[in-house]
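Step one of this worksheet: look at the structure below.
The values are calculated or read from the model by the stated rules, or taken from the named source; none is laboratory data. Given the structure is predicted, the values throughout are model-derived calculations rather than measurements. Cβ placement follows ideal geometry from the backbone for every residue including glycine, while neighbour counts extend to all protein chains displayed.
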Amino acid sequence: MKFRSFFALALFLSSAALVADRVYAGAQIEEKLIPSVQTALASAIADRGAPRLIGDPRVTQAWLAEMSARLARRMPDAEQRTEFLITVQYEASRAGLDPQLVLAVIQHESAFRKYAVSTASARGYMQVMPFWVRLIGSPEHNLFHLRTNLRYGCVILRHYLDMENGNVVRALARYNGSLGRFDYPNAVLALLERNWSWLPPAN
């Protein structure tokens, strides 16, 4: 897994106990975007291709079955769970993210609660700050809508990864509004390793 190299560092830096079922969202910091970045992010948000599993059908179906089994306790409705996972896989893949990392972010941010709201007013599954709608979206965008929330969250996390030259720890800290601290990245990467780590079936 491409993020595995960060686990040892991230887990070493913090020994704090994890409590996974609370809303932990911090406050992403509103930063002035240069016009080219703002345009690129707005374009990424605007693309509305239908969600679908991206990749080798044998691998993606195996992924869907495995993730569905792991998520069943938290999201008992099978139809809702399938729609959610397909959307996660689609939005993460189109943003160049590991879908399992996105699941870990969602677990830590909202505990898979669609209508979660943090004290900083971050909203939905990926706890997106409302200012992003003004910066790169449209007024009608509802951050409690499944696909809208995941689209924003994945595009924003990709933006932070690009800013940090692929450094997952620093990108996650930016996502949480806690750059320079390690509690949040450690917690997300620990959840990834513990609950969502997965390798495709062997040929």
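The table below lists the values:
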quantity: Matching residues, segment 35-71, being touching a Gly at 6+ places or on another chain (Cβ under 8 Å) and not small (Gly, Ala, Ser); calculated: Ile45
quantity: Residue list for segment 134-143, filter: surrounded by 20 or more Cβ atoms within 10 Å (Cβ to Cβ) and either among the hydroxyl-bearing types (Ser, Thr, Tyr) or part of a helix (DSSP H, G or I) (or both); calculated: Ile136
quantity: Residues located in segment 42-51, provided they are assigned to a loop (DSSP other than H, G, I, E, B) and touching a helix residue (DSSP H, G or I) at 6+ places or on another chain (Cβ under 6 Å); calculated: Pro51
quantity: Some residue of segment 74-96 being under 24 Å from Asp183 (Cβ atoms) and surrounded by fewer than 22 Cβ atoms within 10 Å (Cβ to Cβ); calculated: yes
quantity: Matching residues, segment 144-199, being of a type in the set (Phe, Trp, Tyr), under 24 Å from Thr119 (Cβ atoms) and not in a helix (DSSP H, G or I); calculated: Phe144, Phe182
quantity: Of the criteria (1) charged (D, E, K, R); (2) surrounded by fewer than 18 Cβ atoms within 10 Å (Cβ to Cβ); (3) in contact (Cβ under 8 Å) with a residue 12 or more places away in the chain; (4) closer than 20 Å to Pro51 by Cβ, which one Arg151 fails; calculated: (2)
quantity: Test: residue in segment 77-88 that is under 24 Å from Gly166 (Cβ atoms) and hydrophobic (A, V, I, L, M, F, W, C); calculated: yes
quantity: Qualifying position, being touching a helix residue (DSSP H, G or I) at 6+ places or on another chain (Cβ under 7 Å) and either among the hydroxyl-bearing types (Ser, Thr, Tyr) or not in a helix (DSSP H, G or I) (or both), among Tyr115, Tyr125; calculated: Tyr125
quantity: One residue from Arg74, Arg48, Arg70 being at pLDDT below 95, among the basic types (Lys, Arg) and within 19 Å of the chain's Cα centre (by Cα); calculated: Arg48
quantity: Matching residues in segment 163-192 - criterion: being more than 27 Å from Ser36 (Cα to Cα), over 14 Å from the mean Cα position of the chain (by Cα) and crowded, with 17+ Cβ neighbours inside 10 Å; calculated: Phe182, Asn186, Ala190
quantity: Ser121 vs. criteria polar (S, T, N, Q), surrounded by fewer than 17 Cβ atoms within 10 Å (Cβ to Cβ) and closer than 22 Å to Ile34 by Cβ; calculated: no
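Results for (1) of a type in the set (A, V, I, L, M, F, W, C); (2) touching a residue at least 60 places away in the same chain (Cβ under 8 Å), shown as yes or no for each residue.
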site: Met129; (1), (2): yes, yes
site: Gly137; (1), (2): no, yes
site: Arg147; (1), (2): no, yes
site: Arg158; (1), (2): no, yes
site: Ala171; (1), (2): yes, no
